[in-house]
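Reviewing the structure listed below.
The values are calculated or read from the model by the stated rules, or taken from the named source; none is laboratory data. Computed from a predicted model, the values in this text were never measured in an experiment. With ideal geometry, Cβ positions are generated from the backbone for all residues, glycine too; neighbour counts draw on all protein chains shown.
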Amino acid sequence: MNKILVLLLAAFTLVACDKKQESANTAPAAAAAVSGETVYTEKGCVTCHGAQGKGDGPVGAALKPKPRNFADAKWKNGTDLASVIKSIEAGITGTGMAPYKGVLTADEIKAVAEHVRKLGNKT
């Protein structure tokens with residue numbers, strides 16, 4: 001009886017350890033799978049900048065100055081990835097662009113920055 005109990009406990013422990021290892025291995029993959037387009041749409045960027053990034057979202061129509069049209073040739077704060085990330089993190093004074101650092105994760109901010117650069121053909 002004791003041998004059976006010990007074997008059952010050993011089997012349970014192995015299964016439990018294997019499950020922990022499996023979930024530990026899948027966590028980084030889930031974080032890496034952040035989609036900039038999904039964040040852009042689901043976290044509200046689309047409401048000001050529009051689905052195609054032309055600054056024509058339903059809320060953007062009421063803002064002065066108008067939201068960034070990502071298709072514009074020049075962007076006031078730069079088009080490189082670091083500049084776009086900074087604009088998303090800190091917002092842009094004097095505009096409706098609010099800071100998103102602390103609202104979005106660093107991975108989400110980077111993904112959105114990459115997405116808006118694609119919308120503006122800046123990649």
On the basis of being surrounded by 10 or more Cβ atoms within 10 Å (Cβ to Cβ), modelled with pLDDT of 95 or more and outside any helix (DSSP H, G or I), does P65 make the cut?
no
Cβ pairs under 7 Å, 6+ apart, first in the stretch 41-57 and closer than 16 Å to R117 by Cβ and in contact (Cβ under 8 Å) with a residue 40 or more places away in the chain, second aliphatic (A, V, I, L, M) and in a loop (DSSP other than H, G, I, E, B)
G53/A71
I'm checking my understanding of the structure. Among residues of the stretch 73-123 that are within 15 Å of the chain's Cα centre (by Cα) and hydroxyl-bearing (S, T, Y), which one is surrounded by the most Cβ atoms within 10 Å (Cβ to Cβ)?
S87
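Let's see how each residue does on (1) out of contact with any helix residue (DSSP H, G or I) (no Cβ under 7 Å at 6 or more places or on another chain); (2) at pLDDT 90 or above:
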{"position": "M1", "(1), (2)": "yes, no"}
{"position": "T13", "(1), (2)": "yes, no"}
{"position": "V59", "(1), (2)": "no, yes"}
{"position": "V84", "(1), (2)": "no, yes"}
{"position": "T93", "(1), (2)": "yes, yes"}
Restricting attention to the stretch 93-110, the residues that are hydrophobic (A, V, I, L, M, F, W, C) and in a loop (DSSP other than H, G, I, E, B) number exactly 3
Return the residue satisfying two criteria in turn: it lies in the stretch 111-123 and is part of a helix (DSSP H, G or I) and charged (D, E, K, R), and of such residues it is farthest from G91 (Cα to Cα).
K118
